[in-house]
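Just below is one structure, and these are the notes that go with it.
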Ligand code: SAM
């Protein structure tokens, strides 16, 4: 990489790491690790490993995570399995965050800084698509990628929101079993992947990030229920954005403590000795986790697992009990019976907004007043007296779930042609068909005569 490391960064890391600094600085100039995390909602990790066209090595702390060791690093994002949502490309250290947050099926989980969705998709799979995952992103332009990634994974029990931490804290005080603050940071852990991170770094950006992180963590703390978990993570090395943020937080919030997380190979302890001794005194900051690029198979990361004291019963958000409105029920039912058939249609939780038809995990009253981007599982829309299934619905199905599918087998070229927007030729009943590759859904097509018209979303088409 031609972009030099910032001098002030190198000076600081030499002062902190001493004899270790040269190994660390060397590692930053090597090529980054490429990781792949399997979508366990669609395929078991061992099954994926047996069909994977790329060579994979396990990530020690994440059973569904792999290091891609193939030389051709471009291939994983250009394979039909990617379009089928079988995996997310995520570097291994980032996989440690959802592992340590450890959300359980049925829980209410908030990802406060969620775009582009690496950790949110991981939380979703760990929750087995149950309970409620609220994925929030404050920067509007980043929300659509977050949504695309969640829907590619087959998300149903989600709300995608575009709000400030302040607005959420006022709205959902004490509601969540788990909250993740994967904070915006100075990005030192990205220096080896991204030259822009090197260019944009400055000592004042570290200071500014630390102030914002303290604010985010304070707001997030209000959202966690008694006895719930709060995880704070960054992809930077600076103690000001890591141990110091956690220390200020613990001094302000006596109802939280740091949890000792499982120590996987390659996890290093937090460094209380790198922040002011008055601030660190008496706090078990070594319970934080640091992942170092020269000591592990991933990029730099910092993770602190916090737990709120108390045991008040958890809040329950009202579930949504509405049936499908009668004026469109026959359209949706006809589609379901003709095409899906083998899967039960939801009998309640229907929510219709304009022409769009959703299943919602909670009552609309629960999100009233918030800037909501996705209100659960988008099944489709009604247009010209017909039900048009959504890509999000396709991504929750597989060939075995539907009566009408068109299987491409292992024909990679045919799958790519479909993903590029080309029509297919096939005979069979007219109407909607799920296009599948080795049984995994790629999207919808609509058969008219001998042609299946391509309904793969235009904005996602491969070039
Ligand atoms: N969790 C994401 C993932 O795994 O894909 C990465 C999150 S990234 C480290 C931090 C995110 O915080 C960015 O998407 C950024 O837009 C967002 N952000 C920036 N300022 C924020 C603020 N004041 N409050 C909440 N989020 C903010």
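Only the coordinates and a few stated rules stand behind these numbers; no lab work does. Because the structure is a prediction, the values reported are computed rather than measured. Cβ placement follows ideal geometry from the backbone for every residue including glycine, while neighbour counts extend to all protein chains displayed.
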Rg from C-alpha atoms of the range 176-325, normalised by the globular rule of thumb 2.2 N^0.38 Å, equals 1.17
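Would you order 209, 185 from fewest to most other beta-carbon atoms within 10 Å of each residue's own beta-carbon?
Numbers: 209 21, 185 26.
Lowest to highest Cβ neighbour count: 209, 185.
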Cβ neighbours within 10 Å, averaged per peptide: list 235-242, 365-372, 333-340 in order, most packed at the top. 235-242, 333-340, 365-372
Taking neighbour counts of Cβ atoms within 10 Å as a proxy for exposure, in what order, fewest first, do 347, 177, 111 appear? 347, 177, 111
Quick one: work out Rg over Rh on the C-alpha atoms of the range 294-351, Rh as Kirkwood radius. 1.35
Rg from C-alpha atoms of the range 261-371, normalised by the globular rule of thumb 2.2 N^0.38 Å, equals 1.89
Using C-alpha positions alone, give me the convex hull volume of the range 30-113 per residue in cubic angstrom. 122 Å³
Which whole-percent values make up P(r) of the range 200-257 when all C-alpha to C-alpha distances are grouped in 5 Å steps starting at zero? 4, 18, 31, 22, 14, 7, 3, 1
Assuming R0 = 41 Å, what is the FRET efficiency of residue 47 and residue 207, from their Cβ-Cβ distance, to the nearest 0.05? 0.30
The chain: angle of helix 243-252 to the longest principal axis, Cα-based, in degrees nearest 10: 90 degrees
Using the number of other C-beta atoms within 10 angstrom as an exposure proxy, rank 82, 88, 456 with the fewest first. 82, 456, 88
Projected area, mean over directions - the range 113-251, Cα convex hull, nm²: 8.7 nm²
Based on a Kirkwood Rh over C-alpha pairs, give the Stokes-Einstein translational diffusion coefficient of the chain at 4 °C and viscosity 1.567 mPa s in µm²/s. 55 µm²/s
Which Rg and Dmax, in Å, describe the Cα atoms of the range 1-154? 17.6, 48
Separation of alpha-carbon centers, the range 233-300 and the range 1-36, rounded to whole Å: 19 Å
Quotient of C-alpha Rg and 2.2 N^0.38 Å, computed over the range 210-298: 1.08
Cβ neighbours within 10 Å, averaged per peptide: list 435-445, 10-20 in order, most packed at the top. 435-445, 10-20
I'd like the distance between the alpha-carbon centres of the range 405-463 and the range 134-149, rounded to an integer number of Å. 27 Å
Using a Förster distance of 25 angstrom, determine the FRET efficiency expected from the C-beta separation of residue 164 and residue 318, and round it to 0.05. 0.55
By how many degrees, between 0 and 90 and to the nearest 10, does the Cα long axis of helix 7-17 differ from the longest principal axis of the chain? 70 degrees
Would you kindly give the portion of the calculated P(r) for the range 312-463 that falls above 25 Å, as a percent of all Cα pairs? 35 percent
Quick one: work out Rg over Rh on the C-alpha atoms of the range 389-463, Rh as Kirkwood radius. 0.91
Computed on Cα atoms only, the convex hull of the range 1-73 has an orientation-averaged projected area in nm² of 7.0 nm²
Return one number: the angle in degrees, 0 to 90 and rounded to the nearest 10, between the long axis of the Cα atoms of helix 143-152 and the longest principal axis of the Cα atoms of the chain. 60 degrees
